[in-house]
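One structure below.
Any read-out appearing in this document is the output of simple, stated calculations on the displayed coordinates, not a laboratory observation. From a predicted model like this one, the values you see are computed outputs, not experimental measurements. Ideal geometry is used to build each Cβ from the backbone, glycine not excepted, and the neighbour counts take in all protein chains shown.
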Amino acid sequence: MTATAWWGAIAGVGLAIIVGAYLVAVADRAIASVVAGEPMRSSILAGPARSVALGLVQSRTTTERPDGAAWALAPALYLGLAAAALAVVPLSETLLAADIENGLVLFGAAQALAVIPVFLNGWSPNSILPLIGAFRFIAQALSYEMPNLLALLSVSVPASSLSIHDIVASQHGLWNVVRLPLGLPLFLFAAASLAFWGPMNLPDGADLAGGTQAETSGLHLVAWRAGRAAMLVAAAAMGAAAFLGGWLGPGLPGWAWMVVKTLVLLVLLVGSRHVAARVRAERYVVISWAVLIPLALLNVMIAAVVAL
Amino acid sequence: MTARASAGWLTAVAARAEAPVFLARGIGTADADARLRASPRLRVLDSPRAAAVLVVAGCVPTELAEPLARVHDQMAHPRATVWWSGAGDSAPPVGWSHATIVGPRDDIEAAVVAAYRDVITGARCSEQTLLPDVDPAPWRGVGPYGHGGTGMTGGIPYGRPMAGRGDDRRDGLTLDVVLARIGPFFAHLPEGLVLEVTFAGDVVHDLTVKTPPVAGVDGLGARLPDDAVTATMAPDRAVPVAAIELARARQHLRWLARLLHLYGLDALARLVATKALSVPREPQELTALTRRLERCWALGWATRGVGVIDGVSAALWGGPVARAAGIPRDARANSPVYATLGFQPIVHANGDNCDRWRQRLAEAVQAIELAARAGTAVTEPGETIEPAAPPPPADFGDQLAALLIGTEWGDAVATIASLDPDVNAAGYLSKGATV
Amino acid sequence: MVALAAFSVILAILGSSIALVLAGRWVAARADLPATAPERVPFSGGLPPEVHAWNRFHARYYVMALLFLTFDMEMVYMFPWAVVFRSEGTVAIGEIFVFISILALGILYAWRERSLGWS
Amino acid sequence: MIETPLAVDVAFWFFGVASVVTAWLVFRTDSMVRASFYLLASFVNVGVVLLLMRAEYLSLILILMMAGEMAIMAVFMVMFMMNPAGLNPMNMVHQHRASVAGGVATFVALGAVGVFARFPDRPARPTGVTFALGQELLGESMLVFESAGAALLATMIAAIALASSRGRYGQADDGSDAPAFDPDRPFGDAPPRPVASKHEEQAGKEGADDMHDMRNMDHERMA
């Protein structure tokens, strides 16, 4: 791996994160104005840039006795883990930031580690509402990590490899969304839960006055929202690679197919915020254990039978 | 002029962003929430930390002045205040001389955006702290371990005690219980309501309602026709039915906008807020909205079976809460003018959060139909008017405590929001409960 | 040693994004005035807190957390099984069926004991 | 001797030392949350060292599992230890001399093994570790695989039976009297219980049992 390829990989993933996060913000505003029945305005495209500028202008508030280092680390680590998760997903047959033999396990490890910064973001301000948000998220992440990993596992059975490059290659004739119909919805629901977006927004809900971000402002808040958007981009990219055949597809070049599929899943994930109300914590956890994990296990069995 | 404001182009870009607003709701301006939420150039936040403009709506009684100053100080710099005097045109107290004053009928949106632009670009300097800069928990370093405790526990580390232990109501583990006072300006509680909640984890272990005594609120007796429906009263003059029903529809839609924001559906909240400002004449628009909310299975799934009120306590609440629990009591049922309009009270069955928002939405649709059919019909003088949001029962605190102790905090807030007690209208605030 | 270069890319991405965010945060905070005492009071609607918010938080899902530990262990065995499944053939189906049904039994027991929700 | 490039050596020393330092910090910090996340950092550093030793799957699965488990450890430590966030000074080390001696002894023993043992000169295969593990699981050590499943089920049922306060038959402590705390009523000397139906008996209990009835009331509402 020559030095230029090394730097190119890092720059490429950085660019993908920034463009992806920006697209998430724009898609969120666009879908919001469609649902609210307002005309499309130029501020939908420029809005995210302006709110980032506002974040730079605004000062950073603090509380009486916070855990300062952990509070500062939280958004940084969250964005870093989202970038690491995205780095594993191949853009095309040849364009791949990190070709790792166990790419799937690394993606699962990044999402598992992402529990820590969200908990720290709620724990550090030493204020009751963010604290409740932090502990809610641990319940949510613990119960939705299993369906996420099992959905990804079911994809690696026919490919008999954990490298995402091989998983995409194994979908040459038939995409996994057709071969394993249960896989994509399970994965999207679990990935949206781990990124606590839309109806799964328990830690940052309005009933906790913003939850883990109730005490934050300025650039810390911008970094936090960018981290959440980046995690959504990583989930959409992995969904496209694992279930929609990645770069495979007639006509367009490989990377174009991958970008199109990722954008489709991204709009689906982002749109879920304006369609469904926030769930109740207890019911939502029981649903995962009682319904989603058995379904995911069934999906693994289907994958086994299909892959025979 | 903070050093930051000198970075010209950055503040210019930031100035054209959506203004982050924190709304501190006082007494008297009912549609403050809907007006600010409906505007696409503002973003109403739930916490003052990331807000740049503090909008103080209505008249804030003297007891809420200190919490209001604290909310103002908790905002990030640069910050500005817009004082939007409601029915009673009370000027802001002495410390707020720098605030922009906006009358009840002026364009609040333009004033807020202007204040935001000035304070971001530095044309208007950021407001300083109002409360005295004395450390509220001064005592930090006394005692063998620097906090007055013994060994690894106790004392007042960094000036505040640690939470104490308490027996638990649900699973018997004696762990810490935290006393938190969810303050008068919490976005999703009724205006001015203070809840003293003891949390055991995220479950409400204990709950007492503390509403501040508000002297001088009774002066608001002369209510505008717009709010005629919020107080149970029998006016001695004839009131047009259309005005009553439109005010009822407006009240329900305002409430629905806030509830949808509580459940995370911000875009739908904005849509309902715009409908609340200009109540649609024909009910088709609302029936489309009703279908959309019915189809949104998640809203049903999140509210079904939560905060069930039935039987005696439902009757005490009266109004939509009682009707949602199956008690068909409605003052309009035995009024002759409504009989001519063919009015039938709407009733739901099991009195949980889900039925309450369905009840209010159905009543809003029915109110618009009645207003369309009423034309110039008027009520007789002395006839009682059915309030859209009746005042809460006398033992409001005990009712809430019985209902919410042992529930998770998210459900507790949703249940209080679903009751929509109009704490101000009944002068309830003037009962002598201390903060 | 080629594969390690891929991991060095991951570590570099992780390190650089953490460093970038911390640096941006430090630069933005340099122009801030130090927060006065009332500005530091935690927000809960306008009244000051009685006690520190940090407490022995009564997390209600401790039974579900224990269940998660066992399922985390299960993943350790499932990944290698998935990789070799195609070359091992039908014996692997039988094996994983037994493994999964044993663990599904655990979930059934937890669900029936009503210990999955808030206790 | 296996020839390793300089970068791998530097990385090995960096992550090795980082792992030791974060493990040391676990006992130097007052805050329970920081202690558990320092321990997680130490495990992640060990994971990266495993990576350098070409055990790629083992290191990634170690990091994945440790993330979930350290989050749970943080929750449990905050719940049950005395000093959740380190505002009071915390001292988790007991018997200083014995623990220092023990530490030095184990270090010397492991060091001796590291230095004097003759390690096989067969470097691990660069790729296919997961494949080899899979074949091992489905080959000779299938018994290990299946007995692990049974062991996991046993731990699950034991954990649920011990930890949950109410099962499907009702409260776990129904029928057993809480030990009396007031000094004048000696422990175990439960008041004679009138013969009554189960429900009436709970209603008849005096004193702090309204909490019990409250829990039953919650229990019915919850069921």
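Some notes on this structure:
- Of the DSSP H helices in chain A, those whose Cα atoms cover at least 30 Å axially and whose Kyte score averages 1.0 or more: A:3-35, A:128-159, A:218-243
- The Cα atoms of chain A give a gyration tensor whose axes a ≥ b ≥ c have a/c of 1.5 or more with a/b greater than b/c, which makes the shape prolate.
- Shape category assigned to the stretch B:105-180 from the gyration tensor of Cα positions, a/c cut at 1.5: oblate
- FRET efficiency estimate (nearest 0.05) - Cβ-Cβ, C:S87 to A:E93, R0 35 angstrom: 0.90
- The protein assembly as shown: C-alpha gyration tensor shape, a/c 1.5 cut-off, then a/b vs b/c: prolate
- Computed across the stretch C:2-112, the Kirkwood radius stands at 20.7 Å (inverse of mean 1/r, all Cα pairs).
- For B:T81, residues with placed amide H under 5 Å, excluding near neighbours: B:L54, B:T100
- The HN-Hα couplings worked out from phi for the stretch B:245-250 by the Karplus form 6.51 cos²θ - 1.76 cosθ + 1.60 (θ = phi - 60°) are 5, 5, 5, 5, 4, 4 Hz, whole numbers, x standing for Gly and Pro.
- Descending Cα extents along the principal axes, the stretch B:276-416, whole Å: 50, 36, 26
- Cα centroid separation - the stretch B:117-136 against the stretch A:125-186, whole Å: 46 Å
- Inverse mean reciprocal Cα-Cα distance (Kirkwood Rh) of chain B, Å: 23.5 Å
- Range of Cα positions in the stretch B:3-121 per principal axis (Å), largest first: 41, 28, 23
- For the pair A:M40 and D:A117, label points projected 7 Å from Cα toward Cβ lie 6.6 nm apart.
- Whole-Å distance, taken between Cα centres, linking the stretch B:282-328 and the stretch C:53-119: 39 Å
- Cα centroid of the stretch D:1-37 to Cα centroid of the stretch A:26-54, whole Å: 45 Å
- Sequence-ordered 3J(HN,Hα) estimates for the stretch C:68-76 from the Karplus curve with 6.51, -1.76 and 1.60 and θ = phi - 60° stand at 4, 4, 5, 6, 4, 4, 4, 4, 4 Hz, glycine and proline given as x.
- Relative contact order [Cα under 8 Å, 6+ residues apart], chain B, whole percent: 17 percent
- Counting only DSSP beta bridges with both residues in the protein assembly as shown, the antiparallel share comes to about 55 percent.
- Two numbers describe the Cα atoms of the stretch B:61-133: Rg and Dmax, which are 12.5, 36 Å.
- Remark: B:E408, B:E383 ranked as B:E383, B:E408, counting other beta-carbon atoms within 10 Å and listing the fewest first.
- Distance between the modelled labels on A:I18 and D:M142, one decimal in nanometres: 5.5 nm (7 Å Cα→Cβ projection).
- Under-5 Å amide H pairs with B:V378, H placed in peptide plane, nonlocal only: B:V241
- Relative contact order of the stretch B:235-306, defined on C-alpha pairs under 8 angstrom at six or more residues apart (%): 24 percent
- Relative contact order of chain C: 29 percent, from C-alpha pairs under 8 Å at least 6 residues apart in sequence.
- Taken along the Cα-to-beta-carbon direction at a fixed 7 Å, the label points for B:T153 and A:L252 span 6.2 nm.
- Cα gyration tensor of the stretch A:3-84 - equivalent ellipsoid semi-axes, whole Å, descending: 28, 24, 11
- The stretch A:20-127: trypsin sites (Lys or Arg not before Pro) in DSSP loop, at most 15 other beta carbons within 10 Å: A:R41
- DSSP-assigned coil residues among trypsin sites (Lys or Arg not before Pro) in the stretch A:158-260, each with at most 11 further Cβ atoms within 10 Å: none
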